[in-house]
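Student: Sharing a structure here in structure tokens format.
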Amino acid sequence: MIETIIKGIIIGLFVSVPLGPIGMLCVQRTLNRGRKHGIATGLGATMSDLIYTIVALFFVGFVVDFLEEKKIIIQIFGGLVVEYSAIDDHLRIGWEETDFEKSDEGSPENAG
């Protein structure tokens, strides 16, 4: 039982190794310059990801607040866009029967 857990942890660690360009940079710096440079590179990458995350979360709050404030206006605008699209389609192609409506299968006499 404990052997299976240890194998799972080892496999999980190998699977979670970052394979992107920053991960490769960390591996390269570790091998070429030593463990301290590799750790410093990894911490620098982590800090930049943290900054991007904080900025993104900060602006998500603004977006959510904006959408909640303008909800009615956005809904009205969306409805007008749908109406315009329907009217435009009607004026361009008109109301045409579909293939199903043209066939006898669509008539009530042939039901059942």
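Student: Work out how much length Ala40 to Ile74 would gain on full extension: take 0.36 nm times their residue separation and subtract the Cα-Cα distance, in nm to one decimal.
Tutor: Full extension of this stretch gives 7.5 nm more.
Student: Which ³J(HN,Hα) values, rounded to whole Hz and listed in residue order, are derived for the range 42-55 from phi using the Karplus coefficients 6.51, -1.76 and 1.60 in 6.51 cos²θ - 1.76 cosθ + 1.60 with θ = phi - 60°, glycine and proline given as x?
Tutor: x, 5, x, 5, 5, 5, 5, 5, 5, 5, 4, 5, 5, 4
Student: What are the extents of the Cα atoms of the range 30-87 along their three principal axes, listed from largest to smallest and rounded to whole Å?
Tutor: For the range 30-87, the Cα extents along the three principal axes come out at 68, 24, 6 Å.
Student: Which semi-axis lengths, in whole Å and largest first, follow from the square roots of five times the eigenvalues of the Cα gyration tensor of the range 2-102?
Tutor: So the three semi-axes of the range 2-102 are 55, 24, 16 Å.
Throughout, read-outs are computed from the coordinates displayed, never taken from laboratory work. What you are looking at is a predicted structure, and each value in this text was computed from that prediction instead of being measured.
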